[in-house]
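Nothing in this text is a laboratory measurement; each read-out follows from the coordinates by a stated rule. Keep in mind it's a predicted model, so treat the numbers as computed, not measured. Ideal geometry is used to build each Cβ from the backbone, glycine not excepted, and the neighbour counts take in all protein chains shown.
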Amino acid sequence: MEALTHFAPYTGWVYPNETVIEWSVLIVVYPYLTGLVAGAFTVSSLYQVFGFERLKPVAHLALLSSLCAMIFVPIPLLLHLGHPERAFNSTITPHLTSAMAVFGYFATFYIVLLLIETWFAYRTYFVEQAQRRQGLLGRAYRVLTLGSYDVSENAMRYDAKWIFYLALLGIPGAHGLHGYAGFVFGSLKSREWWSSDLMPVIFLFSAIISGVSLLVVLYVASCKLRKVTIDEACVKGLAYTIWGFIMVALLLEGLEFANLVYKGREGVEVIMEFVTGRLLVPYFILQFAIGSIFPLLLLSWMIWRKTTGRALIIGVTTCACLVMFSVFMMRWNVVIGGQEISKTGKGLLTYNMLTFGREGWILAACVLFAPLFGLIGLSRFLPPFEHGPHTAAVTSAR
Amino acid sequence: MNQETKPTLAARRAFLNKLGLAATCGGAVVGSLAGIPVVAAKTEPVSKGGTLPLKDYDWTKHQWSFGVDATKCIGCLRCVEACKVENNVVRDAHHFRTWVERYVYLEGENSARIDSQQDPVNIAASGSEAEYRFANRYQDAKVEKAFFVPKLCNHCEHPACVQVCPTGATYKTEDGVVLIDHEYCFGCRYCVQACPYGARFFNEEKGVTDKCTWCYHRITKGLQPACVDACPVGARIFGDLKDKQSPISLFIRNNRVQVLKPETGNAPNVYYVGIDKEVR
């Protein structure tokens, strides 16, 4: 085990054991990744279930992004555990009064669902590649077909039905997974900053905007890299989605903060000292002003002015980057901010982020960006843009 | 559906059925290897009438409880030292199974100045993070009121730590003590977050959470917790509520006692006398 080097300086009065901030930057990364999973899946479902045709160009990218992020979701948790080798204790013998105990089931269910949906979405591609390619790659594709080479119209219709129902089932799955992450924090009565009924919903809406924003960035970047024309209608569709959801996210977060201040329960003075002091920049400036309100205004302006072309792409991509950053700051302000306010209600702590080691920011950054590299690797094997005949078949089958 | 497709679909359904069957069988095998029935018992409430595998100790015959008479505490911190030694608690200023808080009201001030032995000023006075004493920091100030409050795990009736533990590694015993199974805890620290009293900490060396057990290894042998034994003024009272003449029964009966943070609904089992409005 590592030596203890991360105790937190404090002001005021804090309980002695609080001087070690136990949930580090890794636990910030964890809900951020689950948020991306839920958000990306939302885009996939908007096309697959609700028939938002303009999101078609990113539908498969959304599915793959969700899958890649989901594969890495357990990693920060495993890295954080004191005994990662005992990780399955909570799944094998779950203590059912614990919100955390159901994570294993939720995660497993959702990963399996994503894998099955991805398989159906890429089945024709697997068949095509299995028949065309030789060698190891060909063999891999033949294994992935699971022996099913039927790509007739009826089989395609059958596949489309599966995709539809899996996407339908995935909506409560993905959103439940992330709502649960919010519940892990919101259900704790020990911390005033966390203890809120709105927390799961706030997590959910911020998740959606982060996932949709991720897709904007990935789509625009991939089009640039592939030197392909960017589908403006698609980018606009994603921008509308961000615009709609960001308003709800902002409203909910504002309501929660207003509740906290208005109720003015014991310890609110310290909370106010915190938010107007050390949290002023990360909370009001970075999370709200730059990360949420500015993108909302910019998107509103572009929608109002019917901006098109290069200006639209640059504007929406900028907003998307800011929203992703804002949601990361929201996770940070919840996870770290909550622990920086003492349970005594009379003191504030300062989290000193480590650089190296299991709880260090380098490893956390690696985990944060790992899904991106996973996606780059996976998209070589399962191209998100280049199996047109199948997507056409899915659309026609619906 | 045409003639070509039907068999294919049937074959696919059969394949999926087989896959489902295989998954069920696999799960059963893994489950039996993991010994579900044995370990699952840990996550359930303690069975009535069950006993620990200890000779001469029946946990159904006791209901342990703890009292703190803050009017007696002199802040000598022998309890903290005794606890660290008895329970092999990390000798630093960040891990405590028990601690003592000092509340000082200076003239003209409305709220107390609060510190504990882990405060950097007090550590500087002791000269080491492994030794504890309260620095005489108010010697030149006009003190209106001052008192000490010993703190420890409250072994709540409805412990939030037990509620949130994902594995059931922390549990409430039949005799009223909240314990942690260090062989089963995986160190997620959710319980540390859930405890409103800051009574839990993470042991980095062992990779598990830790907290006061009321010296369970001692009380089940008829001894007192180490902190109670070490207290020179009788500020810490421990005993069995099932014995109406035990020190704790008399303490609760003869005093107007209160608990910390009752609004949490945790129903703490450490009873206080002589604490003030600012003690949480």
| remark: Note to self, the protein assembly as shown gives a 222 nm [θ] from helices alone (DSSP H runs n ≥ 4, -39500 (n - 2.57) apiece, / all residues, nearest 500) of -17000 deg cm²/dmol
| task | Using per-residue counts of other Cβ atoms within 10 Å, averaged over each peptide, order B:193-200, A:126-133 from highest down. | result | B:193-200, A:126-133
| request: Calculate the length of the line joining the C-alpha centroid of the range A:1-71 to that of the range A:305-368, in whole Å. | output: 10 Å
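Over all distinct alpha-carbon pairs, what is the Kirkwood Rh of the protein assembly as shown in angstrom?
On the way: mean 1/r = 0.0359 Å⁻¹.
One decimal place: 27.9 Å for the Kirkwood radius.
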| task | Under 12 Å from the Cβ of B:CYS153, count the other residues' Cβ atoms, weight Lys and Arg +1, Asp and Glu -1, and hand me the total. | result | +4
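From the Cα trace of the range B:83-161, what convex hull volume per residue do you get, rounded to a whole Å³? Spell out each step's value before the answer.
Values: hull volume 9.4 nm³, N = 79.
Roughly 119 Å³ of hull volume per residue.
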| field | Descending Cα extents along the principal axes, the range A:40-162, whole Å | value | 49, 39, 21
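Once you have the Kirkwood Rh of the range A:192-335 from its Cα pairs, apply Stokes-Einstein at 20 °C and 1.002 mPa s and quote D in µm²/s.
Working: Rh = 16.0 Å.
Rounded, D is 134 µm²/s.
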| task | Provide a whole-number value for the mean count of partner chain Cβ atoms within 10 Å of the Cβ atoms in peptide B:119-126. | result | 1
| query | How compact and how long is the range A:141-275, expressed as Rg and Dmax of its alpha-carbon atoms in Å? | reply | 21.5, 68
| task | Shielding by partners for A:190-198, please: the mean number of other protein chain Cβ atoms within 10 Å of each residue's Cβ. | result | 2
| field | B:VAL85/B:ASN255 FRET efficiency (R0 30 Å; Cβ-Cβ; nearest 0.05) | value | 0.50
| So what is log10(I(q)/I(0)) for the range A:192-263 at q = 0.15, 0.18, 0.21, 0.24 1/Å, when the Debye sum runs over its Cα atoms only? | -0.59, -0.72, -0.85, -0.99
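To the nearest 0.05, how large is the calculated FRET efficiency for A:ALA221 and A:THR355 if R₀ is 35 Å and r is the Cβ-Cβ distance?
Numbers: r = 28 Å, r/R0 = 0.81.
With a Förster radius of 35 Å, E is 0.80.
Just counting partner chain Cβ atoms within 10 Å, what average do the residues of peptide A:151-159 show around their Cβ?
Per-residue shielding by partner chains comes out at 3.
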| query | With the calculation restricted to Cα positions, what are the radius of gyration and Dmax of the range A:252-398 in angstrom? | reply | 21.1, 63
| said: No solvent, one uniform scatterer per C-alpha: report log10 I(q)/I(0) for the range A:91-169 via the Debye equation at q = 0.21 1/Å, two decimals. | reply: -0.91
| field | Residues B:CYS76, A:CYS68, sorted so that the one with the fewest Cβ neighbours within 10 Å comes first | value | B:CYS76, A:CYS68
| Taking the simple approach of a point 7 Å from Cα along Cα-to-Cβ for both B:ASP56 and B:ALA267, what is their distance in nm? | 3.3 nm
| the range A:24-143: relative contact order in percent, alpha carbon pairs under 8 Å with at least 6 residues between | 21 percent
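For B:PHE201, B:PHE147, A:PHE369, what's the fewest-to-most ordering of other Cβ within 10 Å of each Cβ? Please list the in-between numbers first.
Working: B:PHE201 25, B:PHE147 20, A:PHE369 12.
Ascending Cβ contact count within 10 Å gives the list A:PHE369, B:PHE147, B:PHE201.
With Cβ to Cβ distances under 9 Å as the rule, what net charge do the other residues near B:ALA235 carry (K, R +1; D, E -1)? The partial results should precede the final answer.
Details: positive: B:LYS72, B:ARG236; negative: B:ASP69.
Overall, the nearby charge balance is +1.
Which net charge results when you count Lys and Arg as +1 and Asp and Glu as -1 among the other residues whose beta-carbon is under 13 Å from that of B:LYS84?
Numbers: positive: B:ARG78, B:ARG91, B:ARG97; negative: B:GLU81, B:GLU86, B:ASP92, B:GLU129, B:GLU131, B:ASP210.
Summing Lys and Arg as +1 and Asp and Glu as -1 gives -3.
Under the definition of Cα pairs under 8 Å and six or more residues apart, what whole-number percent is the relative contact order of the range A:10-397? Could you put the intermediate results ahead of the total?
Working: 518 pairs, mean separation 114.8, N = 388.
Averaging sequence separation for qualifying contacts and normalising by length gives 30 percent for the range A:10-397.
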| query | Sorting A:THR108, B:THR167 on the 10 Å Cβ count, fewest up front, what's the list? | reply | A:THR108, B:THR167
| field | Linear extension gain, B:ASP181 paired with B:ARG137, 0.36 nm per residue minus alpha-carbon span | value | 11.8 nm
| Over chain A, how many percent of alpha carbon pairs lie in each 20 Å bin up to the one with the longest distance? | 26, 54, 18, 1
